[in-house]
Amino acid sequence: MESNVKKAKEQLAQTEVNAEAGGGLVKVTMTCRNVVKRIEISPDLLQDDPDMIEDLIAAAMNDAARQAEVITEAKMKEATGAYVDQFLK
């Protein structure tokens, strides 16, 4: 089981999620190990209120984190499920 979990964690480190806020004005790319790889901000948005920009960045990052969490939970269940299933048979 340990090797399955280790392998799953390695795969999660390579798996990326993409999220956006403000109709695509802010885009975030993050791994499923919560490493932010890229933040894109539309040039149109840079002319707006800094508070709005901060809110949109936070919203996009939170969305990416939620997506990563869902994928992580599924991958870890998959990695440990085979081990648990052995005892249920």
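Just one of (1) at pLDDT 95 or above; (2) among the hydroxyl-bearing types (Ser, Thr, Tyr); (3) in a helix (DSSP H, G or I) fails for SER3. It is (1).
Could you tell me whether segment 51-63 includes any residue that is open to solvent by 80 Å² or more (accessible area, probe 1.4 Å) and at pLDDT below 85? Scanning segment 51-63, I find no residue that is open to solvent by 80 Å² or more (accessible area, probe 1.4 Å) and at pLDDT below 85, so the answer is no. GLU73 passes every criterion in (1) in a strand (DSSP E or B); (2) open to solvent by 70 Å² or more (accessible area, probe 1.4 Å) apart from (1). Within segment 11-34, take every residue that is free of Cβ contacts under 8 Å to residues at least 24 places away in the same chain and in a loop (DSSP other than H, G, I, E, B) and give me the one that is surrounded by the fewest Cβ atoms within 10 Å (Cβ to Cβ). Going through the qualifying residues, I end up with GLY23. When restricted to residues that are more than 14 Å from the chain's Cα centre (by Cα) and either touching a residue at least 40 places away in the same chain (Cβ under 8 Å) or within 10 Å of LYS27 (Cα to Cα) (or both), segment 38-56 contains 4.
The values are calculated or read from the model by the stated rules, or taken from the named source; none is laboratory data. This structure is a prediction, so every number in the text was calculated from the model and none was measured. So basically every Cβ, Gly included, is an ideal-geometry build from the backbone, and we count neighbours across all protein chains shown. The protein model used for the area step is the full one, side chains on, heavy atoms only, and it has no ligands, DNA or RNA in it. Shrake-Rupley method; radii C 1.70, N 1.55, O 1.52, S 1.80 Å.
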